[in-house]
Amino acid sequence: MTSAVPGTLTAFLCFLFLAANFSGAVAQEAASKQPAATARPEKKITEIKIGYLRAYAPQLTLSLLDLPPRDEGVAGAKVAIGDNNTTGAFLGQKFSLDITEVKPDSDVVQAFDDLVAKGDRYVVADLSARQLLSIADIARDKGVLIFNIGATDDSLREEDCRINVFHIAPTRSMLADALAQYLMVKKWPNWVLLYGSHEQDHLYADALRRAAARFGGQIVAEKEFKDTGTARRTDTGATQIQQQISVFMQDLPEHDVVLVADESEVFGTYVPYRTWMPRPVAGTAGLVASSWHPASEQWGGIQMQSRFLRTTGRRMLSKDMSAWTAVRAVGEATTRTDGDDPEKISDYIRSDDFSVAAFKGQKLTFRKWNLQLRQPILLSDAKSVVSTSPQEGYLHQVSELDTLGVDQPETKCALK
Amino acid sequence: MQGRACALAFLATGLMAGPASAYTAYVSNEKDNTMTAVDTATMKVIKTVDVGQRPRGITISPDGKFVYLCASDDDTVQIIDTSSLDVVGDLPSGPDPELFVLSPDGKTLYIANEDDNLVTVVDVASKAVLSEIPVGVEPEGMGVSPDGKTMVNTSETTSMAHFIDTQSHEVTDNVLVDTRPRFAEFKPDGSQVWVSAEVGGTVSVIDNAKRQVVKKIQFAINGLRAETIQPVGIAITADGKKAYIALGPANHVAVVNAETYEVEKYILVGQRVWHLAFTPDQKTLITTNGNSNDITFIDTATDEPVQSLTVGQQPWGVAISPK
């Protein structure tokens with residue numbers, strides 16, 4: 001099994017390499033077909049090298065369906081490189097991707113330096129907050145832009161924000177606010193909060209508490225589900241879990257919705273349908289807030305979904321969409337500035353002129369004060385998109401997208 | 001209130017003075033896989049017929065005998081006999097055809113294949129694919145110059161208008177426009193191409209001789225968020241003086257002075273207005289309103305909406321018989 005994975009990956013990479021070559025050839029043909037009458041001065045080919053730095057280790061999940069694909073995120077970046085190159089063929093721009101993997105929680109400075117040595121001036125980072133911070137200042141001194149697609153930590157956009165780090169991934173507060181707006185619109189304002197015992201579970205729970213205070217929800221009771229280190233999967237585990245969750249929730253007061261904060265995959269998946277009271281579940285299980293969903297087909301999304309499926313052989317996940325958007329943001333800025341000067345591109349992405357379209361029904365732009373990408377958030381169950389936030393009626397003087405997450409007046413970010 | 005009554009009275013007199021000629025409008029209904037035929041004089045539905053899956057792009061032959069319809073999910077272009085409203089054949093289209101344009105002589109169909117980054121060129125008489133032209137990512141908008149010599153395709157993710165020589169089937173120029181260009185429409189004198197950008201929220205006016213953007217038209221409607229203004233369909237009057245632009249979820253059609261590029265008026269129509277077409281006498285403009293399942297008749301003399309008519313589910317495109 002372990003050897004099968006790299007094999008598949010190699011075959012996949014070969015396929016992509018061929019596909020990239022093929023589209024390049026077609027594009028070159030198209031470019032060379034330009035008749036003499038309208039010929040412009042020969043355009044030199046500009047190369048734009050994008051690095052992809054990823055913390056990866058196989059991960060266990062409560063449901064087999066949630067096991068992340070080996071190329072989660074990476075596949076989205078590759079599809080975007082293909083899209084950028086189709087556009088680039090008309091402008092003499094060629095994009096490439098250097099992928100480097102490190103272990104979670106390991107030192108990433110060396111891996112980052114290696115990417116920069118290869119000439120990458122844009123790095124897509126799928127790293128923990130700690131890892132990302134460890135390279136942010138080095139990157140700034142070397143004139144490298146980082147696009148964060150992995151870390152949802154609000155701290156990276158607040159006290160730890162950096163002038164050269166753009167955040168494509170939504171924050172936990174954006175996700176929680178998106179969910180809270182919907183629950184309030186549904187008039188289901190009373191919530192119980194179940195959260196895991198790991199750091200990221202606590203952070204997600206904090207975001208939900210903040211969202212409750214912000215939008216008028218009531219958290220009537222909270223309970224921590226301790227990770228006692230049990231195996232995630234046992235042959236007859238289901239029988240026990242059914243009772244455990246129910247008993248765990250037995251002493252909770254009356255509520256409309258059960259909120260679950262379990263990013264660590266310890267118990268969340270087991271909550272829906274096993275609750276003490278018959279109540280809907282939302283958070284990291286049940287109705288989940290995310291930047292993308294494999295069933296999202298509104299706003300031209302079906303085109304993205306079918307292109308992704310055809311190229312990669314699987315469905316598109318949130319991290320794939322974040323990686324696609326990051327690479328497309330570089331592509332869009334390169335197209336519009338007609339060049340590869342990272343400083344010009346950086347200025348352009350920060351300017352009022354920049355926007356990127358990512359099948360969300362409106363243009364996406366960066367919040368100037370902390371470089372977070374504004375974006376609608378999808379609320380979905382396993383099979384379909386239930387709703388999209390911001391919900392109607394949540395107004396804002398700048399952009400209704402700024403009703404999600406930390407807004408400018410409350411930000412702790414001072415870009416440096 | 002009084003002003004409105006006056007306008008209505010004026011309108012009524014107008015109608016009595018010279019009754020509008022009867023044309024037939026054909027509306028593709030994206031969601032329920034039907035096409036509705038509408039009498040433009042009585043503003044009543046003549047008949048709704050079943051067509052292929054997810055009908056979107058729709059156009060009519062210059063002699064008015066056949067309607068061509070993109071049945072996107074069936075990967076085909078259907079030919080509908082306008083006398084019987086029966087599907088009488090189909091044309092090869094490549095996968096997922098969404099929009100197309102017929103050459104002015106009615107002989108050639110240019111089809112945008114969103115999934116394949118191609119424009120497919122089809123000879124209508126022989127039903128043969130003449131060429132497949134590589135363009136940008138997610139090709140959509142299609143326009144052809146009045147002399148038939150130049151075709152323009154817009155690609156949504158690439159954000160370009162690709163100018164294609166219809167003799168050589170080669171891309172000759174690429175013009176960057178704003179994000180997600182959806183539609184391309186030549187001015188009747190062929191001097192300009194107008195390209196709408198759905199997500200960018202603008203219409204770029206491209207000089208056809210220079211192949212450069214000479215003007216970007218912006219829109220603003222009181223009380224509406226800028227993000228809801230998403231220009232899609234464009235119709236320009238035969239005298240080239242006025243353009244109508246469908247603004248999607250903004251539920252309005254913008255009336256633009258095509259000489260000064262000033263927006264003169266916003267006409268409230270139905271929800272998510274997508275495409276629009278003139279009757280051949282140019283007296284009436286019909287818009288398709290996807291989310292309210294209706295079409296709106298606009299009197300072009302007053303630029304007032306006259307009536308809305310329920311058609312099928314999610315009306316997408318509209319084509320009107322030449323006589």
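Within region A:111-146, whose backbone N sits under 15 Å from a point 7 Å along Cα→Cβ of A:ASP353?
Answer for this model: none.
Charges at C-beta only: +1 for Lys and Arg, -1 for Asp and Glu. How large is the resulting dipole of region A:125-235 about its Cα centre, in Debye rounded to 20? Present the calculation step by step, with values, prior to reporting the outcome.
Numbers: 15 positive and 16 negative charges, 79 e Å.
The dipole magnitude comes to about 380 debye.
Would you please report the Å³ per residue occupied by the convex hull of the alpha carbon atoms in region A:252-384?
Details: hull volume 21.0 nm³, N = 133.
With only Cα atoms used, region A:252-384 gives 158 Å³ per residue.
I'd like the Karplus ³J(HN,Hα) series for region B:170-179: coefficients 6.51, -1.76, 1.60, θ = phi - 60°, whole numbers in Hz, and an x wherever there's a Gly or Pro.
Values, residue by residue: 10, 6, 9, 9, 10, 10, 6, 10, 7, 5 Hz.
Quick one: order A:SER389, B:SER28, A:SER106 by neighbouring beta-carbon count within 10 Å, fewest to most. Intermediate results must be reported in sequence, preceding the final value.
Values: A:SER389 24, B:SER28 29, A:SER106 12.
In order of increasing Cβ crowding within 10 Å: A:SER106, A:SER389, B:SER28.
Would you please give the FRET efficiency between A:ILE241 and A:VAL220, computed as 1/(1 + (r/R0)^6) with r the Cβ-Cβ distance and R0 = 22 Å, to the nearest 0.05?
0.35
Residues in region A:57-73 near a label at A:SER106, defined as backbone nitrogen under 18 Å from the 7 Å Cα→Cβ point?
Inside the label zone: A:57-60, A:70-72.
If amide H atoms are built 1.01 Å from N in the plane of the peptide, which residues on other chains or at least 5 residues away come under 5 Å of the amide H of B:VAL306?
Those lying under 5 Å, H to H, from B:VAL306 are B:PHE297, B:ILE298, B:ASP299.
In terms of Cα to Cα distance under 22 Å, which lysines are near enough to B:LYS127, apart from those fewer than 8 places away along the same chain?
Counting by Cα, and skipping residues close in sequence, B:LYS127 has these lysines nearby: B:LYS65, B:LYS107, B:LYS149.
Provide the packing ranking of A:86-92, A:304-310, i.e. peptides ordered by the mean count of other C-beta atoms within 10 Å per residue, highest first.
Working: A:86-92: 21.7, A:304-310: 18.6.
Put in order of decreasing packing, that is A:86-92, A:304-310.
Give a residue-ordered list of calculated ³J(HN,Hα) values for region A:372-384 (Karplus: 6.51 cos²θ - 1.76 cosθ + 1.60, θ = phi - 60°; whole Hz; x for Gly, Pro).
Values, residue by residue: 8, 6, 6, 7, x, 10, 8, 10, 9, 9, 4, 9, 8 Hz.
Could you sort A:365-378, A:189-202 so that the peptide with the highest average Cβ count within 10 Å comes first and the rest follow in order? List each step's numbers first, then the result.
Details: A:365-378: 22.1, A:189-202: 20.4.
Highest mean packing first, the order is A:365-378, A:189-202.
Taking 0.36 nm per residue of separation and subtracting the Cα-Cα distance, what length does fully extending B:ALA125 through B:THR42 add? Don't skip to the end; give the middle numbers.
Details: separation 83, 0.36 × 83 = 29.88 nm, distance 3.41 nm.
Extending this stretch completely gives an extra 26.5 nm.
If you average the C-alpha positions of region B:217-247 and of region A:372-416 separately, how far apart do those two centres end up, in angstrom?
28 Å
Would you order B:SER21, A:SER264 from fewest to most other beta-carbon atoms within 10 Å of each residue's own beta-carbon?
Numbers: B:SER21 13, A:SER264 16.
Final ranking by Cβ density, sparse to dense: B:SER21, A:SER264.
For a test of the definition: using alpha carbon positions, the gyration tensor, and the 1.5 limit on a/c, classify region A:124-166 as rounded, prolate or oblate.
prolate
Across bins of 20 angstrom width beginning at 0, how are the C-alpha pair distances of the protein assembly as shown distributed, in whole percent?
Distribution as computed: 16, 46, 31, 6, 0 percent.
Under DSSP H, which helices of chain A have Cα atoms covering 27 Å or more of the helix axis and a Kyte-Doolittle average no less than 0.5?
Span-like helices here: A:4-32.
Using label points projected 7 Å from each Cα along Cα→Cβ, tell me how many nm separate A:HIS396 and A:SER96, to one decimal.
Simple spin-label model gives 3.9 nm for this pair.
Quick one: dipole size for the protein assembly as shown, taken about the Cα centre, charges +1 on Lys/Arg Cβ and -1 on Asp/Glu Cβ, in debye to the nearest 20. Please report the intermediate quantities before stating the final value.
Numbers: 70 positive and 93 negative charges, 93 e Å.
With only Lys, Arg, Asp and Glu charged at Cβ, the dipole is about 440 debye.
Excluding B:VAL101 itself, what net charge comes from residues whose Cβ is under 13 Å from its Cβ, given Lys and Arg +1 and Asp and Glu -1?
Working: positive: B:LYS107; negative: B:GLU98, B:ASP105, B:GLU140, B:GLU185.
Around B:VAL101, the charge tally is -3.
Classify chain A: rounded, prolate or oblate, from the alpha-carbon gyration tensor (a ≥ b ≥ c, eigenvalue square roots; a/c under 1.5 rounded; otherwise prolate if a/b is larger than b/c)?
Values: a/c = 1.90, a/b = 1.61, b/c = 1.18.
Prolate, because a/c is 1.5 or more and a/b exceeds b/c.
Output wanted: per-residue J couplings in Hz (rounded whole) for region B:56-64, from phi through Karplus 6.51 cos²θ - 1.76 cosθ + 1.60, θ = phi - 60°, x for Gly and Pro.
Ordered by residue, 3J(HN,Hα) equals 10, x, 9, 8, 9, 5, x, 8, x Hz.
Which value in nm describes the separation of the simple spin-label points at A:GLN408 and A:ARG70, placed 7 Å from the Cα toward the beta carbon?
In this crude label model, A:GLN408 to A:ARG70 measures out at 4.7 nm.
Quick check on my link table: of B:LYS44/B:LYS187; A:LYS49/A:LYS142; A:LYS49/B:LYS215; A:LYS118/A:LYS142; A:LYS94/A:LYS360, which ones sit more than 23 Å apart, alpha carbon to alpha carbon? Don't skip to the answer; put the middle values down first.
Details: B:LYS44/B:LYS187 31 Å; A:LYS49/A:LYS142 15 Å; A:LYS49/B:LYS215 34 Å; A:LYS118/A:LYS142 13 Å; A:LYS94/A:LYS360 27 Å.
As for pairs spanning more than 23 Å Cα to Cα, those are B:LYS44/B:LYS187; A:LYS49/B:LYS215; A:LYS94/A:LYS360.
Report the extension gain between A:SER155 and A:SER197 in nm, rounded to one decimal, defined as 0.36 nm multiplied by the number of residues separating them, less their alpha carbon distance.
Numbers: separation 42, 0.36 × 42 = 15.12 nm, distance 1.94 nm.
Extending this stretch completely gives an extra 13.2 nm.
Measuring from centroid to centroid over Cα atoms, what is the spacing of region A:125-144 and region A:282-308 in Å?
Cα centres, region A:125-144 to region A:282-308: 29 Å.
Taking the Cβ of each residue in B:HIS275, B:HIS169, B:HIS162 as the centre, tally the other Cβ atoms inside 10 Å and list the residues starting with the fewest. Working shown, then result.
Details: B:HIS275 28, B:HIS169 16, B:HIS162 25.
Exposure proxy ranking, most exposed first: B:HIS169, B:HIS162, B:HIS275.
What is the spin-label model distance, in nm, from B:ASP81 to A:ARG140 if the labels are put 7 Å beyond Cα along the C-beta direction?
About 7.4 nm, to one decimal.
Throughout, read-outs are computed from the coordinates displayed, never taken from laboratory work. For clarity, every value in this text was computed on a predicted model and none was experimentally measured. Backbone-built Cβ (ideal geometry, glycine too); neighbour counts: all protein chains shown.
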